[in-house]
Amino acid sequence: MTERDANKRIQVLRDEINRHRYLYHVLDTQEISDGALDSLKNELEALEKEFPNLVTPDSPTQRVGGMALDAFQKVPHSKRMLSLNDVFSTEEITDWEQRIQKIIPGTNEYFVELKIDGVALSLVYEDGILQRAATRGDGVIGEDVTVNAKTIEAIPLRLQGDHPGTVEVRGEAYMPKKDFEVMNAEREKAGEELFANPRNIVAGSIRQLDSTIAKSRPLRFFAWEITRGISTKTRDEEYEMLQSLGFPVPPNARHYKSLAEVFAYIKEAEKKRLNHAFQVDGLVIKINNCATYDRLGVVGKAPRGAVAFKFPAEEATTIVEHIDVQVGRTGALTPVAHLRPVRVAGTTVSRATLHNADEVKRKDVRVGDTVVIRKAGDIIPEVIRVLPNLRPKNSKPFHMPSKCPICGSAVEKDAEGIVVRCVNRECFVREQQQILYAVGRAGFNIDGLGDKIVEQLLQEGLISSAPDIFRLTEGDLLPLERFAEKSAKNLVAEIQSKKTISLPKFLASLGILNVGIVTAQDIARAYKSLDAIVKLSKEEFEKIDGVGEKVAQSLVDFFESKLGKGILQEYCDVGITVQEEVSAGPLSGKTFVFTGTLQNITREEAKQNVLSAGGRIASTVGLGVDYVVVGEDAGSKEEKAKKLGLTSINESQFASLLKGTL
């Protein structure tokens, strides 16, 4: 066969194989047997081996990479991969809708899809060819898993139709329940440990460095969003477009004109949740109009225009064998029930949180009780109620300790009278948990520093605070268990490579009470540098959008305390570089307050525009405010601005400021 003839045959074979892939995965039908399809693939593979210069990246033979990877590359997402806020009742859905109405009044329609319990992937196509597949990661940075994603036949290597430029599609990799049961049966027969649930297998398969292992596992894929490159007006149009591109989409996705219709479908879906061929843990409810969805923007790490309705968690009964109290990084004491092991929602549960003393008292949980447990959101085990008829006669009520169970120091309740805290800031467990938090993903993100190693370093006196981590040498680590010359060298190198940190992550790493990464980002955007932030007063902190009185007080208390000043000095001494937030623009250094309703953009969009242009956002009107942007139906802020002699501008003037023309 000549190369020309081979090329013709190869093209015909590829088209036919891709057509059958589309029939099977998108249209859920099959024209030929698996054996016949394998025969076509074998012929194609033989021709490409004979004529290797005819191999292309989108050929069906390229679904398995030959070489194992040493590690996964970190890749940034062009648009943050968000998570969804959970709701558990129709009342919470109604509350969500009411919040939306305050931002964009009007009649909304909805799009509801199954929430697949799998692993989210982002797929990037260039000129129709799959170039990269990445995991969610932390939403901003994911891992490049392209080689493994190519082994999933439901993911097209080439988009159907002509689509120049960049197209990004997001969706969920999953495993059918039947295939999961077959895999576990084979493992049981071989005497191997069983997988807990399908999602665990998918997560492990997607992150296999050897793609042949991923290929051996029957993974599937559903697409649910076009993030870049192709626009649609509504979510149901988006699903039609996804299918035309060659992607399967979750079944039973529907468009509804009212919440009443959505609620009716929820009742139907709850009854059928176990009938699906794959694990479903709820429904995703979205605003159907894409423009409205985008205008609603983001709050925290979740879009305002969608929520995840979680089905009632699977419940089980077990016995409380004992209750102990854990101490967290802020000194909070949390009672934890140790349970007789029981399987719930696919995993074995042996512990469950009891939250706080008031919760234990309200439920009257005692050692020896038979309790009903569930996984809140199918993730965190919790005790729902006690079955008092099964209680032992000699049971006694549980009482929180009057002293810290770790260091023996006094404990006290917080201002709300709910959380009990150890007052000793040098309590061993508080130190350990704070160090773990600082070096974790929210902070310096140092790989290799887990619970056991940090505990060992504290016990040996090598560290007493998070900054001490950066003083460690290979000589410090070599005498310790778990460390050889190479592992000690690697950990020290990893630590030293993390001595430069962004301002938001540094603020989060400090473990200031009530200050998480989202609040840290708000503060960093507003004041740009650590030097400026540590000098702020409580009133100045409160002017930052997203910072209330309680958070402001925590910040001031920390930065004015001997402990806080000492930690900052220690970080300086060990050579930590905190990067300033750089943002130059037409609004640089200017502070804005918004009041009333804007017509062309939402208030959230306006605030983001200010931040992007280098400005600051304040939540209250004061002398430090440069501009008060006044929309329709403005409230008391407009009057207060007039009294203080502040500059008030309308929406049109604000737009001109953004452009630098005012």
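The values are calculated or read from the model by the stated rules, or taken from the named source; none is laboratory data. Predicted model, so just to flag it, every value in this text is computed and none were measured. Backbone-built Cβ (ideal geometry, glycine too); neighbour counts: all protein chains shown.
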- Note on the structure: Of the residues in the range 406-455 that are among the β-branched types (Val, Ile, Thr) and farther than 23 Å from Leu507 by Cα, the one that is modelled with the lowest pLDDT is Ile418
- Task: Starting from the range 229-242, keep only residues that are in the same structural domain as Ala291 (by TED's automatic domain parsing) and hydrophobic (A, V, I, L, M, F, W, C), then list their pairs with residues that are surrounded by 19 or more Cβ atoms within 10 Å (Cβ to Cβ) and part of a helix (DSSP H, G or I) whose Cβ atoms are within a distance under 9 Å, requiring at least 6 positions of separation or different chains.
- Result: Ile230/Glu238; Ile230/Leu245
- Task: Give me the pairs, please: first residue somewhere in the range 548-561 and more than 15 Å from Asp414 (Cβ to Cβ) and in the same structural domain as Ile533 (by TED's automatic domain parsing), second residue anywhere and part of a loop (DSSP other than H, G, I, E, B) and not polar (S, T, N, Q), beta-carbon distance under 7 Å, and either six or more positions apart or on two chains.
- Result: Leu555/Ile512; Leu555/Val515; Phe558/Leu510; Phe558/Ile512; Phe559/Val534
- Query: Which residues, counting only those in the range 136-178, are in a loop (DSSP other than H, G, I, E, B), of a type outside the set (A, V, I, L, M, F, W, C) and over 30 Å from Gly300 (Cβ atoms)?
  - Reply: Lys150, Thr151, Glu153, Pro156, Gln160, Gly161, Asp162, His163, Pro164, Gly165, Pro176
- Message: Scan the range 130-148 and tell me whether some residue there is over 26 Å from the mean Cα position of the chain (by Cα), touching a residue at least 40 places away in the same chain (Cβ under 8 Å), at negative phi and assigned by TED's automatic domain parsing to the domain that holds Phe222.
- Response: no
- Message: Taking the condition of being within 19 Å of Leu598 (Cα to Cα) and modelled with pLDDT under 85, how many residues in the range 641-655 meet it?
- Response: 1
- Item | Breaking point among (1) surrounded by fewer than 20 Cβ atoms within 10 Å (Cβ to Cβ); (2) closer than 15 Å to Ala618 by Cα; (3) among the hydrophobic types (A, V, I, L, M, F, W, C), for Ala524 | (1)
- Query: Within the set of pairs 6 or more residues apart or between chains, which connect a residue that is free of Cβ contacts under 8 Å to residues at least 60 places away in the same chain inside the range 637-650 to a residue that is outside any strand (DSSP E or B) and among the small types (Gly, Ala, Ser) with Cβ atoms less than 7 Å apart?
  - Reply: Ser648/Ala641
- Message: Given (1) at pLDDT below 95; (2) in contact with a Ser or Thr (Cβ under 8 Å, 6 or more places away or on another chain); (3) of a type outside the set (A, V, I, L, M); (4) outside any loop (DSSP other than H, G, I, E, B), identify the lone condition not met by Glu181.
- Response: (2)
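A quick yes/no check of all residues on (1) touching a Leu at 6+ places or on another chain (Cβ under 6 Å); (2) more than 26 Å from Asp58 (Cβ to Cβ); (3) among the polar types (S, T, N, Q); (4) crowded, with 20+ Cβ neighbours inside 10 Å:
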site	(1), (2), (3), (4)
Val169	yes, no, no, yes
Val182	no, yes, no, no
Glu192	no, yes, no, no
Phe195	no, yes, no, no
Ile206	no, no, no, yes
Thr212	no, no, yes, no
Arg228	no, no, no, no
- Scan the range 330-368 for residues that are outside any strand (DSSP E or B), in contact with a Lys or Arg (Cβ under 6 Å, 6 or more places away or on another chain) and on the phi < 0 side of the Ramachandran plot and report the count. 0
- Item | Criterion (surrounded by 11 or more Cβ atoms within 10 Å (Cβ to Cβ), basic (Lys, Arg) and at pLDDT 85 or above) met by exactly one of Arg63, Arg4, Arg19 | Arg19
